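Encoded as structure tokens, the structure appears first; notes follow it.
The values are calculated or read from the model by the stated rules, or taken from the named source; none is laboratory data. In this text the structure is predicted, and so the values were computed from the model without any measurement. Because the Cβ atoms are built from the backbone with ideal geometry, glycine has one as well, and the counts that use them run over all protein chains shown. Only protein heavy atoms, including side chains, enter the accessible area calculation; ligands, DNA and RNA are left aside. Shrake-Rupley method; radii C 1.70, N 1.55, O 1.52, S 1.80 Å.
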Amino acid sequence: MAQTLRIAIVQSHLHWENPEQNRKMFEEKIDAISEDVDLVVLPEMFTSGFTMEPVHIDPSEGRKTVEWMQRLAQQKNMALTGSILFPENGNYFNRLFFVEPNGKYSTYDKKHTFTLAGEDKVYEAGKHKLIVEFRGFKLCPLICYDLRFPVWARNVEEYDVLIYVANWPKPRIEAWDTLLKARAIENMAYCVGANRIGQDNLQHEYPGHSAVYDVLGRQMAYSEEEEILYATLDKGHIDSTRKKLRFLEDRDDFNWKG
């Protein structure tokens, strides 16, 4: 069983509602990764930006992006994850794909659609958490607004790594910083946050602040620039900390009625 997981977060601007251009851009950035990594994390809606007009995107683009992720994952012998808008059975989803080198993929539909932007009126909300086992680590990927809801992220599955992909804007970036750290501490898991950067066509500004926190909430990586962040996650750190500090054993089950 692997004892380390090497991750890269691609913190980037996004081309508005242009999947082909975004795929080309991210492929160039992934090709430029100089380190040997196991997992590349891309932002929320990385092929379009946070659009509430999914009809502007050809329905075939979702499948094209999944096939693109499968090709890159196989070529690079690494996993890729990030969310895209995805049409299915007449509905639209903000859907995260976790694609492995062998072509296998798992999906997670954003549970908490962002009502402030009207996402709940455009995209169907997900109903199930996703736990992925990859190279000896259990991963729980979530999406942006999910970060504000600790019960949904609560570590009842004994996962090792919590991942958030996001388009989190500048006016509320302090909440992003604070909650990423809190989710790491309360779940005794690594917490990875991948945000975008730049300005979208609706004039929303995104300042980055992608980061990685360890089980004790110590910051391992952080950036406000357009760049790739690297971190090596250590299974030994998780196991030794949980063995010494047995806080997860005292977690609430939320089954009581007050």
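With respect to the conditions (1) over 23 Å from F254 (Cα atoms); (2) in contact (Cβ under 8 Å) with a residue 24 or more places away in the chain, V156 falls short on a single one, namely (1). Here region 1-58 is the region considered, the condition is being in contact with a Leu (Cβ under 8 Å, 6 or more places away or on another chain), part of a helix (DSSP H, G or I) and farther than 30 Å from L116 by Cα, and the residue that is most open to solvent (accessible area, probe 1.4 Å) is E27. Looking at region 86-110, which of its residues are loosely packed, with under 14 Cβ neighbours inside 10 Å and in a loop (DSSP other than H, G, I, E, B)? Residues satisfying the conditions are N89, G90, N102, G103, K104. Candidates in region 116-136 are the residues that are of a type outside the set (D, E, K, R) and open to solvent by 80 Å² or more (accessible area, probe 1.4 Å); of these, the one that is farthest from E53 (Cα to Cα) is H128. The criterion of being over 26 Å from W176 (Cα atoms) and either surrounded by 17 or more Cβ atoms within 10 Å (Cβ to Cβ) or charged (D, E, K, R) (or both) holds for E61.
For (1) open to solvent by 20 Å² or more (accessible area, probe 1.4 Å); (2) of a type in the set (D, E); (3) touching a residue at least 60 places away in the same chain (Cβ under 8 Å), each residue gets a yes or a no:
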position	(1), (2), (3)
G198	yes, no, yes
G217	no, no, no
E225	yes, yes, yes
L229	no, no, yes
D234	yes, yes, yes
H237	yes, no, no
S240	yes, no, no
E249	yes, yes, no
F254	yes, no, yes
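Give me the residue from region 71-85 that is in a helix (DSSP H, G or I) and out of contact with any Gly (no Cβ under 8 Å at 6 or more places or on another chain) and, out of that set, nearest to W168 (Cα to Cα). Taking the candidates together, the pick is L72.
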